[in-house]
Amino acid sequence: QVHLVESGGGLVQPGGSLRLSCTASGIIFSTYTMGWYRQTPGKQRELVAEITSGGSINFADSVNSRFIISRDNAGNTVHLQMNNLKPEDTAVYYCNARSIYVNNWGRGTQVTVSS
């Protein structure tokens with residue numbers, strides 16, 4: 001059974017930083033594309049950043065140059081370092097693990113950017 005557990009969300013002031021982490025179990029982590037998505041009420045879930053098994057990275061234009069995604073295959077963990085946060089980054093952030101066969105989601109962690 002696949003489990004994705006996110007941590008690191010919270011309340012931060014504009015311009016601040018947060019680091020999200022997602023630890024996976026039940027998968028061969030190194031073979032999966034790992035990603036972070038976010039969703040606000042009434043809107044579709046959107047890709048924030050993803051990193052493939054080979055290390056290729058894709059970012060949403062809105063976060064490029066502010067966010068950094070990395071993976072630790074030994075620890076089955078993917079991180080999202082979020083810098084210079086803006087109020088529009090406020091959302092529930094979801095961890096995603098996907099292969100050609102399956103697509104798995106975590107339960108999400110709330111990130112709120114407000115003064």
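The values are calculated or read from the model by the stated rules, or taken from the named source; none is laboratory data. These numbers come from a predicted model, not from an experiment. Positions of Cβ are generated from backbone atoms using ideal geometry, with glycine treated the same way; all protein chains shown enter the neighbour counts. Ligands, DNA and RNA are excluded from the accessible area calculation, which covers all protein heavy atoms including side chains. Shrake-Rupley method; radii C 1.70, N 1.55, O 1.52, S 1.80 Å.
Filtered by the rule that a residue be surrounded by fewer than 20 Cβ atoms within 10 Å (Cβ to Cβ), on the phi > 0 side of the Ramachandran plot and either part of a strand (DSSP E or B) or out of contact with any Lys or Arg (no Cβ under 8 Å at 6 or more places or on another chain) (or both), segment 70-115 gives a lone residue, Gly108. Of all residues in segment 51-69, exactly one satisfies the criterion of being closer than 22 Å to Ser25 by Cα, surrounded by 14 or more Cβ atoms within 10 Å (Cβ to Cβ) and among the small types (Gly, Ala, Ser), namely Ser53. Out of Val48, Val5, one residue alone is touching a strand residue (DSSP E or B) at 6+ places or on another chain (Cβ under 9 Å), open to solvent by less than 50 Å² (accessible area, probe 1.4 Å) and under 14 Å from Gly108 (Cα atoms). It is Val48. Does Gln13 satisfy the criteria of being in contact with a Phe, Trp or Tyr (Cβ under 9 Å, 6 or more places away or on another chain), touching a residue at least 60 places away in the same chain (Cβ under 8 Å), farther than 18 Å from Arg98 by Cβ and open to solvent by 50 Å² or more (accessible area, probe 1.4 Å)? Answer is no for this residue. The set of residues in segment 82-115 being in contact with a strand residue (DSSP E or B) (Cβ under 6 Å, 6 or more places away or on another chain) and closer than 14 Å to Met34 by Cβ consists of Tyr93, Tyr94, Cys95, Asn96, Ala97, Arg98, Asn104, Trp105, Gly106. Quick check on segment 95-114. Is at least one of its residues β-branched (Val, Ile, Thr), at pLDDT below 95 and over 14 Å from the mean Cα position of the chain (by Cα)? Taking every residue of segment 95-114 in turn, at least one turns out to be β-branched (Val, Ile, Thr), at pLDDT below 95 and over 14 Å from the mean Cα position of the chain (by Cα).
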